[in-house]
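Working notes for the structure below.
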Amino acid sequence: MDWLRNNTGAVMPLMAVSIIALVGMTGAAVDTGRAQLVQSKLSSALDAAGLAAGSNISTAEVDAEVEKYFDANFPVDYLGAEVTELNADVNDDNTVITLSATAVVPVRIMQVMGFDTLTVRATSEITRQTKGLEVVLALDTTGSMCPSGNCTKINALKTASRDLLSILYGDSGTVPDDLYVGIVPFSDVVNIGSTHNAWRTAAHWGTLNWRGVPWAGCIEERYNGRDVTDDPPATETFRAYYWQDDGNNDWVTSGGSVRSGIGTGLGPNKACITTPMTGMTNDRTTLENAITALNAAGNTHVNVGAVWAWRMISPRWRGQWGGFMDTNSLPLDYETPLMNKAVIIMTDGENTASSSIKSAYGYPSENRTGTTSASNMPSRLNTRLTQVCDAMKLDDRILVYTVAFGNPGSTIENLLEDCASNPDYFFNSPTPEDLQAAFRTIGDSLSNLRISR
């Protein structure tokens, strides 16, 4: 221990300096460790805020959403830190949110080294990415959507539908991978398109006298419970919609010739003026054109629109549609990896029927729904809507979104709320602005989010 007895006076100061340095290093480790904890918390709070804001980016103010969810995930005065900066930037097509945050962390032991605080920063980037998705829109195009030439409702539907496409496709001009969208306009019939001749019941077709008038593409619903199933034509075909010459549709003269029908809508296709369905496609222009072509007329059979949306997205119908869908083996199987299936059902009214109007179930007097009364028929249609919704939602195979537009009535609103996959997937939209907000929210919900950096 000669060094303890050294009388030169040089060792003790050196020891003092060493001890101070050791304390400083220990303090630095403690304080920087606390700073690293703060940075980690900043980073996770940014990720959570970005994901939450990205999920409704089309319907909320991004900065406010980021701040709200950041505050929820970064406790006030966490380890004494003070957040001095929080930024969120969104790119032009709303697909990438870049976030950053800065915080000042007070130090304790490092004060002996002349430091009062440490500054930490964190960044995050959230990329909104549309997963593989098949989605079919069942859209109400009944007469109440354009009453007496006031087409505010149908125009609002067109705007909202275009908004949905904008969210799903983005503004980059590229087609997202594995995105397929179909459209099923409905009234009290559905127009499957006049090219699907193979779906028609040949025996019934042979009994019809069209007198040279071409079939417009509408069909009747099947009997014996198959109007609520996704059974394909191979199981049972469909009778072509045909309104015979009668007192409600006087389209054949006493001499047997056909009246023009111009201005009156008379003819074997009377009431079949629904815009034909658009099979699932990834071509945005095709979908935009189909939306533009929507027209409004007829009574309301929401169940018919819903069941045809199901049939379009059901894998049991693969190989039936021709064109793009067959080329791409659509619809895909349920639970295909990285793919989702969704149906959106929108209506502005209760189910309705009239004794003098033929629908997909013929005249009410034909007793195809279990009643011969037009006034009782809506309740039968309501039951069918519930059956179709329950079948689509079975095992979460299909996400079902529902939209009640323009205060359609408590009965259908309750049915639609029950039809939706969960309460958040039902939207009560009294006004055109509410309808647009609902479709934007649905678009956001269908967009997948991932943390890209």
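The values are calculated or read from the model by the stated rules, or taken from the named source; none is laboratory data. Being a predicted model, the structure only gives us computed values, none of them experimental. Cβ coordinates were reconstructed from backbone atoms using ideal geometry, including for glycine residues, and neighbour counts include every protein chain displayed.
Here are some notes:
- Some residue of the stretch 282-292 being under 16 Å from W199 (Cα atoms) and surrounded by fewer than 22 Cβ atoms within 10 Å (Cβ to Cβ): no
- Taking the stretch 226-259 as the range and being assigned to a loop (DSSP other than H, G, I, E, B) and of a type in the set (K, R) as the test, the residues that pass are R239, R259.
- L118 vs. criteria on the phi > 0 side of the Ramachandran plot, over 27 Å from the mean Cα position of the chain (by Cα), aliphatic (A, V, I, L, M) and at pLDDT below 95: no
- The stretch 29-58, residues that are of a type in the set (D, E, K, R) and over 30 Å from the mean Cα position of the chain (by Cα): D31, R34, K41
- The residue list I273, I262, I357, I345 contains one member that is among the aliphatic types (A, V, I, L, M) and either in a helix (DSSP H, G or I) or touching a helix residue (DSSP H, G or I) at 6+ places or on another chain (Cβ under 7 Å) (or both), which is I345.
- Test: residue in the stretch 219-230 that is polar (S, T, N, Q), more than 18 Å from A290 (Cβ to Cβ) and modelled with pLDDT under 95: yes
- Candidates E288, E236 - the one that is under 20 Å from T141 (Cβ atoms) and modelled with pLDDT of 95 or more: E288
- Matching option when the condition is among the aliphatic types (A, V, I, L, M), buried (at least 18 other Cβ atoms within 10 Å of the Cβ), touching a residue at least 12 places away in the same chain (Cβ under 8 Å) and in the same structural domain as R384 (by TED's automatic domain parsing), among V228, V213, V252: V228
- Scanning the stretch 360-375 for residues that are small (G, A, S) and in contact with a helix residue (DSSP H, G or I) (Cβ under 8 Å, 6 or more places away or on another chain) yields A360, G370, S373, A374.
- Screening the stretch 376-453 for strands (runs of 3 or more DSSP E) wholly inside it with 1 or more residues that are out of contact with any helix residue (DSSP H, G or I) (no Cβ under 6 Å at 6 or more places or on another chain), surrounded by fewer than 20 Cβ atoms within 10 Å (Cβ to Cβ) and touching a residue at least 12 places away in the same chain (Cβ under 8 Å) returns the ranges 426-429, 448-451.
- Lone unmet requirement of (1) in contact with a helix residue (DSSP H, G or I) (Cβ under 9 Å, 6 or more places away or on another chain); (2) more than 22 Å from L332 (Cα to Cα) for G149: (1)
- Residue-level analysis places R128 outside the set of residues that are within 30 Å of L51 (Cβ to Cβ) and surrounded by fewer than 16 Cβ atoms within 10 Å (Cβ to Cβ).
- Some residue of the stretch 60-72 being surrounded by fewer than 17 Cβ atoms within 10 Å (Cβ to Cβ) and hydrophobic (A, V, I, L, M, F, W, C): yes
- Verdict on R200 being over 20 Å from A138 (Cα atoms), out of contact with any His (no Cβ under 7 Å at 6 or more places or on another chain) and buried (at least 17 other Cβ atoms within 10 Å of the Cβ): yes
- For the stretch 353-373, filtering for residues that are surrounded by 21 or more Cβ atoms within 10 Å (Cβ to Cβ) and among the hydroxyl-bearing types (S, T, Y) leaves 3.
- Here the stretch 235-244 is the region considered, the condition is being touching a helix residue (DSSP H, G or I) at 6+ places or on another chain (Cβ under 9 Å) and of a type outside the set (V, I, T), and the residue that is surrounded by the fewest Cβ atoms within 10 Å (Cβ to Cβ) is E236.
For (1) free of Cβ contacts under 8 Å to residues at least 24 places away in the same chain; (2) over 18 Å from the mean Cα position of the chain (by Cα); (3) under 19 Å from P233 (Cβ atoms), each residue gets a yes or a no:
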| site | (1), (2), (3) |
| --- | --- |
| A296 | no, yes, no |
| H301 | no, yes, no |
| V304 | no, yes, yes |
| A309 | no, no, yes |
| W321 | no, yes, yes |
| T327 | yes, yes, no |
| K341 | no, no, no |
| M346 | no, no, no |
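- Selection status of V302, modelled with pLDDT of 95 or more and either out of contact with any Gly (no Cβ under 6 Å at 6 or more places or on another chain) or among the small types (G, A, S) (or both): yes
Table: residues versus (1) among the charged types (D, E, K, R); (2) not in a helix (DSSP H, G or I); (3) not assigned by TED's automatic domain parsing to the domain that holds I57.
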residue	(1), (2), (3)
T159	no, no, yes
R162	yes, no, yes
L168	no, no, yes
P176	no, yes, yes
P185	no, yes, yes
D188	yes, yes, yes
G193	no, yes, yes
